[in-house]
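Below: the structure, in structure tokens.
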Amino acid sequence: MSQGSVTTKPELDQPAKRDWTDGQEAALRLWITLARCYATYSKALAAKVQDYGLTTPQFGTLEALYHLGPLSLGELAEKLLVTGGNVTYVMDRLEGRGLVARYRSEEDRRVVHAKLTPAGHKLISEVFPGHAEYVEHLCRHLSGREREDLRRLLKTLGKGIAGHDLGG
């Protein structure tokens with residue numbers, strides 16, 4: 001970086017004028033609050049999942065297979081809100097540890113399914129109860145009614161965006 005002089009323009013050194021509506025301000029604040037809460041919640045859960053020797057996507061995969069049974073990799077990607085490539089990467093790691101197995105569908109050989117191995121079932125069945133307790137612990141800052149209201153409101157917001165604002 002050069003040591004030359006820096007020309008300044010006073011208007012660039014000032015915060016931008018907030019010329020949005022009150023509704024836009026409220027929506028922006030909601031987005032920031034959601035993003036910060038999600039980041040904090042995710043950080044806490046990732047630290048807990050590390051205690052199990054897993055990454056968050058690995059735990060999510062084991063948990064989905066534990067509670068839903070065998071799934072196609074496409075269904076797994078949809079449940080975990082990730083791409084097929086991410087599922088393949090996670091499956092490679094879990095399969096290497098002997099926690100999951102992949103097999104081709106008998107109806108459509110193009111479809112690959114995933115299922116827990118006995119070792120994977122043992123691991124997730126041992127750690128899930130403590131995980132559920134920890135998630136409940138994180139939610140202790142809200143009353144039961146507040147938790148249900150928040151869940152309902154977030155679901156309404158997500159479904160509304162999905163149904164009206166995402167192309168396709």
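Here, each number is a calculation from the coordinates, and none is a lab measurement. Note that the structure is predicted; figures quoted are calculated from it, not measured. Note that each Cβ is placed from the backbone with ideal geometry, even for glycine, and that neighbours are counted across all protein chains shown.
Miscellaneous remarks
- Counting neighbouring beta carbons within 10 Å and listing from fewest to most, the residues Thr55, Thr40 come out as Thr40, Thr55.
- Exposed-loop-free span, longest in the chain, where GluC sites (Glu not before Pro) count as exposed if DSSP calls them loop and at most 15 other C-beta atoms lie within 10 Å: 1-105
- Under the Debye formula (equal points on every Cα, no solvent term), log10 I(q)/I(0) of region 55-158 at q = 0.12, 0.16 Å⁻¹: -0.50, -0.78
- Projected label points at Tyr134 and Arg104, each 7 Å from Cα along the beta carbon direction, are separated by 3.9 nanometres.
- Calculated [θ] (222 nm, deg cm²/dmol) that DSSP helices of n ≥ 4 give over the chain, each run adding -39,500 (n - 2.57): -21000 deg cm²/dmol
- Normalised by the number of residues in the chain, the mean separation of alpha-carbon contacts (under 8 Å, six or more apart) gives a relative contact order of 17 percent.
- Between the amide H of Val100 and those of Glu95, Thr117, distances stay under 5 Å, these residues lying 5 or more places away or on another chain, with hydrogens modeled in the peptide plane.
- Here's how it looks for Ser72: its modeled amide H is under 5 Å from those of Ala114, which are all 5 or more places away or on a different chain.
- Against the chain, whose longest principal axis comes from its Cα atoms, helix 144-164 is set at around 80 degrees.
- Listed pairs Lys79/Lys159; Lys79/Lys115; Lys48/Lys155 exceeding 18 Å between Cα atoms: Lys48/Lys155
- A dipole drawn for the chain from +1 and -1 charges on Cβ atoms has a positive end, and of Leu123, Ala47, His113 the residue lying farthest that way is Leu123.
- Cα-based equivalent ellipsoid of region 107-148: semi-axis lengths in Å, sorted from largest, via gyration tensor: 34, 17, 6
- Each residue of region 90-101 is assigned a 3J(HN,Hα), and the resulting list reads 5, 4, 4, 5, 5, 5, x, 8, x, 9, 9, 9 Hz, derived from the Karplus form 6.51 cos²θ - 1.76 cosθ + 1.60 (θ = phi - 60°), x at Gly and Pro.
- Sorting Val100, Val82, Val49 by the number of Cβ atoms found within 10 Å of their own Cβ, with the fewest placed first, yields Val82, Val49, Val100.
- If only the Cβ of Lys and Arg carry +1 and only the Cβ of Asp and Glu carry -1, the dipole of the chain around its Cα centre is close to 160 debye.
- Cleavage-rule hits (trypsin sites (Lys or Arg not before Pro)) in region 1-90: DSSP loop, at most 14 neighbouring Cβ within 10 angstrom: Lys17, Arg18
- Under a Gaussian network description of the chain, with springs only between Cα atoms under 10 Å, the residue in Leu99, Leu81, Leu123 that fluctuates furthest is Leu81.
- Under 5 Å, built H, 5+ apart or other chain: amide partners of Val111: Ser105
- Kirkwood Rh, Cα atoms: Rg over Rh of region 78-125: 0.99
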